[in-house]
1. Can you compute 3J(HN,Hα) from phi for each residue in region 139-145, using the Karplus curve 6.51 cos²θ - 1.76 cosθ + 1.60 with θ = phi - 60°, rounded to whole Hz and x for Gly and Pro?
2. Cα convex hull of region 27-97: how many Å³ per residue?
3. Please list, ordered by chain and number, the residues whose modelled amide H lies under 5 Å from the amide H of THR34; skip anything fewer than 5 residues away on the same chain.
4. How much length is gained if the chain between THR27 and GLU7 is pulled fully straight, taking 0.36 nm per residue apart and subtracting their Cα-Cα distance, in nm to one decimal?
5. Over the chain, what is the mean sequence separation of C-alpha contacts under 8 Å (at least six apart), divided by residue count, expressed as relative contact order in percent?
6. Rounded to two decimals, what is Rg over Rh for region 90-209 when you use alpha-carbon atoms and the Kirkwood radius?
7. Pick from GLY49, GLY198, GLY146 the residue whose mean-square fluctuation is largest in a GNM of the chain, springs joining Cα atoms under 10 Å.
8. Within the set of other residues whose C-beta is less than 10 Å from the C-beta of THR77, count the net charge using Lys and Arg as +1 and Asp and Glu as -1.
Amino acid sequence: MIKEYLENINIKETNEQLVSLKSYALTNNVPIITDDGIAFIKQIINIKGVKKVLEIGTAIGYSSINMALYSDCTITTIERDNEMYDKAIENIKNGNLQDRITVLNQDALEVDESTLGKFDLIFIDAAKAQSIKFFNKYKTCLNNQGLIITDNLLFHDLVVTPIKDRNLKQLVRKIDTFNKFVVEQMDFDTYIYSIGDGMSLSIKKDVIK
Ligand SMILES: C[S@@+](CC[C@H](N)C(=O)[O-])C[C@H]1O[C@@H](n2cnc3c(N)ncnc32)[C@H](O)[C@@H]1O
């Protein structure tokens, strides 16, 4: 009920490309960020004056295009699936954002992160069982005032639901392990929010000293 109330009261997206990408994602079962999740990220980008974003998990480019349209940041985004990569490239071209968004068609665990440069914000939104690996690998790419946002930490509320399916149970256990891991990182100040599908915001501690 609260979700519906907020959906009705908040101003709806009117950008034609974003509306059409969202509808494409829904029809084709492509998982994309929720409305409140992307609103949260865009507000952080604007409040903090984020200039460079690294995204792990592009899918069709919905979140990257969204971030690019509502700020002046540049985005590097990594996608391992060839079909998703092609679709993202097509969508980014259609949005005329190719000089602001670079898509790498690679497995994010195999990218040489030392070649990417430094980023103000890293958005982790790829294979949910690998979040600890992504966090540890890519935290080295953060600027001094860097932020890491990780999505799907509540995994459709399954982190608090009894599960019978063995594979799903294992995946949810890994997400729970990530959640415990991320709040305990001493070099970051982290809080997990019930925004979107559950998002953590981790601020590199040198920011707040
Ligand atoms: C949830 S979708 C990303 C959605 C996108 N961020 C958005 O909100 O529009 C996750 C994507 O991550 C990709 N992915 C999963 N594991 C990956 C990995 N190890 N390296 C690169 N991409 C990966 C999947 O192929 C999928 O397209």
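Read-outs: derived from the displayed coordinates by stated rules, not from any lab. Small disclaimer: the values here were computed from a predicted structure and weren't measured. Positions of Cβ are generated from backbone atoms using ideal geometry, with glycine treated the same way; all protein chains shown enter the neighbour counts.
1. Once rounded to whole Hz, the list reads 5, 6, 8, 8, 5, 3, 9.
2. Values: hull volume 6.0 nm³, N = 71.
Considering the Cα atoms of region 27-97, their hull volume per residue is 84 Å³.
3. Correct list: ASP197.
4. On the way: separation 20, 0.36 × 20 = 7.20 nm, distance 1.99 nm.
So the chain would gain 5.2 nm between THR27 and GLU7.
5. Working: 337 pairs, mean separation 35.8, N = 209.
Over the chain, the number comes to 17 percent.
6. Taking Rg over the Kirkwood Rh, I get 1.01.
7. GLY49
8. Details: positive: none; negative: GLU55, GLU79, ASP125.
That works out to -3.
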